[in-house]
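For reference, the structure is listed below as structure tokens.
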Amino acid sequence: MTRILGIDPGSQRTGVGIVDCDATGRAVHVHHQPIVLLEAEDFPRRLKLLLEGLGAIIDQFRPDEVAIEKVFMARNPDSALKLGQARGAAICAAVMRDLPVHEYAAKEVKLAVVGKGSADKVQVQHMIGVMLNLQGKIQADAADALAVAITHGHVRATANRIGVSSRDAWRRK
């Protein structure tokens, strides 16, 4: 089993989802939560909360690999910049602990878990609940993070079957 930490970065809330995946890509739920950053008095302190929060989760759950959602270009440049900074802080939390980081676009994640790249958040939440046999509504950011982790588990399993690295398997599409 490989433990995968999925991260859906955000400047107000960052979703965290952890799954254990076997060699076939079958995922078992371990943990999920949003890290709420709005309590901080300013944006730099939000980044500190994010870095510390992810560090504590990594130390507690000891993932083998990290999968993170890529930044999409939002309409608001300031929002996109803040999202990029939050994503950078999340990546730093992983690489400071020598964890490999794999990146996936939101459309790729939605395609992997729902079957269409234009799926909405409700569809992703529903499919994650079904795939991981979770009861009740899953917080949206945490569901997205679980979806990123599951996507990486599937890509990893496919790569192993065809004898290439996860990065090479995803590039061949």
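The values are calculated or read from the model by the stated rules, or taken from the named source; none is laboratory data. Given the structure is predicted, the values throughout are model-derived calculations rather than measurements. In this analysis, Cβ positions are derived from the backbone assuming ideal geometry, glycine residues included, and neighbour counts consider all displayed protein chains.
Some notes on this structure:
- Taken over region 28-45, the criterion of being buried (at least 18 other Cβ atoms within 10 Å of the Cβ) and either acidic (D, E) or free of Cβ contacts under 8 Å to residues at least 24 places away in the same chain (or both) is satisfied by I35 alone.
- Remark: A94 matches the filter, which requires a residue to be buried (at least 17 other Cβ atoms within 10 Å of the Cβ), under 19 Å from S11 (Cα atoms) and touching a strand residue (DSSP E or B) at 6+ places or on another chain (Cβ under 6 Å).
- All conditions but one from (1) in a helix (DSSP H, G or I); (2) surrounded by fewer than 19 Cβ atoms within 10 Å (Cβ to Cβ) apply to I58; the one that does not is (2).
- Criterion violated by A106 - all others in (1) farther than 13 Å from D8 by Cα; (2) buried (at least 16 other Cβ atoms within 10 Å of the Cβ); (3) not charged (D, E, K, R) satisfied: (1)
- Any chance L50 is under 25 Å from G84 (Cα atoms), touching a residue at least 24 places away in the same chain (Cβ under 8 Å) and not in a helix (DSSP H, G or I): no
- Of all residues in region 97-145, those that are hydroxyl-bearing (S, T, Y) and over 17 Å from I68 (Cβ atoms) total 1.
- Residue within region 64-78 that is basic (K, R) and modelled with pLDDT of 95 or more present: no
- One residue alone among D144, D98 is modelled with pLDDT of 90 or more and over 21 Å from Q33 (Cα atoms), and that residue is D98.
- No other residue among K116, K110 is basic (K, R), out of contact with any strand residue (DSSP E or B) (no Cβ under 9 Å at 6 or more places or on another chain) and modelled with pLDDT of 85 or more apart from K110.
- The C-beta contact set for region 109-135 (first residue at positive phi, second residue part of a helix (DSSP H, G or I) and buried (at least 16 other Cβ atoms within 10 Å of the Cβ), distance under 9 angstrom, 6+ apart or interchain) comprises G115/M127.
- The single condition from (1) crowded, with 18+ Cβ neighbours inside 10 Å; (2) over 20 Å from A143 (Cα atoms); (3) modelled with pLDDT of 95 or more that K82 fails is (3).
- Exactly one residue out of V148, V155, V124 is assigned to a helix (DSSP H, G or I), more than 17 Å from G10 (Cβ to Cβ) and of a type in the set (V, I, T), and it is V155.
- Residue match in region 4-26 (condition: in contact with a Lys or Arg (Cβ under 9 Å, 6 or more places away or on another chain), free of Cβ contacts under 8 Å to residues at least 60 places away in the same chain, surrounded by 13 or more Cβ atoms within 10 Å (Cβ to Cβ) and over 30 Å from I162 (Cβ atoms)): yes
- Boolean, A93 is closer than 23 Å to H29 by Cβ, at pLDDT 95 or above and in contact with a helix residue (DSSP H, G or I) (Cβ under 9 Å, 6 or more places away or on another chain): yes
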